[in-house]
1. Return the total of residues in the stretch 255-278 being over 18 Å from the mean Cα position of the chain (by Cα) and buried (at least 17 other Cβ atoms within 10 Å of the Cβ).
2. Here's a check for you: in the stretch 304-320, which residue that is surrounded by fewer than 20 Cβ atoms within 10 Å (Cβ to Cβ) and in contact with a strand residue (DSSP E or B) (Cβ under 7 Å, 6 or more places away or on another chain) is modelled with the lowest pLDDT?
3. Within the stretch 238-254, track down each residue that is of a type in the set (D, E, K, R) and free of Cβ contacts under 8 Å to residues at least 12 places away in the same chain.
4. Please specify each residue of the stretch 187-210 satisfying the condition of being more than 9 Å from the ligand (Cβ to nearest atom) and either more than 16 Å from residue 77 (Cα to Cα) or not small (Gly, Ala, Ser) (or both).
5. Do we find that residue 228 is within 14 Å of the ligand (Cβ to nearest atom) and in contact with a helix residue (DSSP H, G or I) (Cβ under 9 Å, 6 or more places away or on another chain) in this structure?
6. Working only within the stretch 202-233, note down all residues that are more than 20 Å from residue 71 (Cα to Cα) and surrounded by fewer than 24 Cβ atoms within 10 Å (Cβ to Cβ).
7. Just give me the residues in the stretch 45-71 being over 16 Å from residue 177 (Cβ atoms) and modelled with pLDDT of 95 or more, in sequence order.
Amino acid sequence: MKTHNYCIAIHGGAGTLLREKMDARLRKKYENALSAALDVGYAMLEGGGSALDAVVASVSALEDCPLFNAGRGSVFNARGEHEMDAAIMEGSSRRVGAVALVRRIRNPIHLARAVMEHTDHVLLAGKGAERFARKMKIERKPKAYFFEALRYKQFLEAKRENKVRLDHDGGTFGTVGAVALDASGKLAAATSTGGMTNKRWGRIGDSPIPGAGTWADDRCAVSCTGTGEYFIRVHAAAQLSCLMRYGRQSLDAAARKVIFESLQDIGGEGGLIAVDHRGHISMPFNTEGMYRASRCRGEAAWIGIFGGENGDALPNDQRI
Ligand code: ASP
């Protein structure tokens with residue numbers, strides 16, 4: 001059997017700190033967290049594990065890290081609570097599982113996987129999803145586990161200004177995601193988020209919606225981050241696949257078209273990570289930065305935060 005050039009890419013959100021607010025100590029913290037999450041996923045692939053296991057391993061590590069807006073570090077909604085969304089998709093089978101508006105679940109990505117593997121459904125939301133979590137014995141945490149002082153301050157600010165926010169200078173924002181190609185040629189994508197600060201009325205973003213914030217098929221795997229409503233409106237993640245399939249575009253051309261044309265043209269902000277069946281990776285974004293990292297078979301790990309650094313060939317404001 002042919003061994004594929006397995007690889008993995010992860011993101012910790014497109015709402016990074018502004019460059020001038022990122023000091024060396026803080027930068028190191030983010031880089032260490034990204035590096036640790038990348039390593040657990042890469043180790044799975046290296047050991048012959050599946051793309052599905054690799055993306056779950058990396059996303060769970062990011063969910064457990066309070067620096068990112070997912071799991072433990074989820075932002076506050078308008079009622080001062082945490083409501084989390086997550087999705088996982090396997091490329092070859094097109095199986096997908098997702099949850100929305102779940103509370104107190106330590107790793108929403110585990111619950112999304114359980115939806116995929118143990119139900120006939122695709123997306124479970126709110127109390128029903130939490131009942132299912134209890135049935136599946138998915139780990140829950142007390143409310144205090146999700147409390148982050150800095151994020152609470154940002155929530156109070158957003159509330160005062162009456163804004164729903166994807167912050168760019170708050171310091172602790174970022175949906176998380178991972179995409180991977182395994183040695184047997186299979187692709188998978190996973191995304192997990194606390195959504196947007198001060199969100200109201202049961203708002204659900206793009207992350208748990210297959211085709212919008214998360215997608216995998218036999219051609220590519222995609223995980224998005226940014227102003228979710230816009231990603232839903234352009235069907236961002238699946239659009240990338242369609243550009244490859246029907247428009248015969250390369251992964252990178254398609255990824256950049258989605259971000260710098262479709263999304264940007266309607267005022268959306270954010271980025272995505274994508275990998276194709278040959279092991280190419282693309283990570284475009286139109287925000288100041290996007291926490292991101294990748295590693296391909298036999299190569300060193302790559303980590304980036306802002307645009308045009310560490311040899312990143314993608315200036316973040318360039319149209320195709
Ligand atoms: N896309 C996420 C949402 O709209 C937010 C993010 O990427 O930080 O829920």
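The values are calculated or read from the model by the stated rules, or taken from the named source; none is laboratory data. Quick caveat: nothing in here was measured; it's all calculated off a predicted structure. Counting neighbours? That spans all protein chains shown, and the Cβs are built from the backbone with ideal geometry, glycine included.
1. To start, the set of residues in the stretch 255-278 that are over 18 Å from the mean Cα position of the chain (by Cα) comprises 257, 260-262, 264-267, 277-278.
Filter once more, so that each one left must be buried (at least 17 other Cβ atoms within 10 Å of the Cβ): 257, 260, 262, 264, 277.
Total meeting the criteria: 5.
2. Residues of the stretch 304-320 surrounded by fewer than 20 Cβ atoms within 10 Å (Cβ to Cβ): 308-320.
Now drop any that are not in contact with a strand residue (DSSP E or B) (Cβ under 7 Å, 6 or more places away or on another chain), which leaves 310, 312, 316.
Details: 310: 55, 312: 57, 316: 41.
Restricting to residues being surrounded by fewer than 20 Cβ atoms within 10 Å (Cβ to Cβ) and in contact with a strand residue (DSSP E or B) (Cβ under 7 Å, 6 or more places away or on another chain), the top hit is 316.
3. Within the stretch 238-254, the subset of a type in the set (D, E, K, R) is 245, 248, 252.
248, the sole residue that qualifies.
4. Step one: filter the stretch 187-210 for residues more than 9 Å from the ligand (Cβ to nearest atom), giving 187-190, 192, 197-198, 200-202, 209-210.
187, 188, 189, 190, 197, 198, 200, 201, 209, 210, listed by residue number.
5. The answer is no for residue 228.
6. Selection gives 211, 217, 218, 219, 229, 230, 232, 233.
7. We begin by selecting, within the stretch 45-71, every residue over 16 Å from residue 177 (Cβ atoms); these are 45-50, 66.
The answer is 45, 46, 47, 48, 49, 50.
Residue by residue, here is whether (1) among the aliphatic types (A, V, I, L, M); (2) within 16 Å of the ligand (Cβ to nearest atom); (3) out of contact with any Leu (no Cβ under 7 Å at 6 or more places or on another chain) holds:
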| position | (1), (2), (3) |
| --- | --- |
| 110 | no, no, yes |
| 127 | no, no, yes |
| 136 | yes, no, yes |
| 155 | no, yes, yes |
| 174 | no, yes, yes |
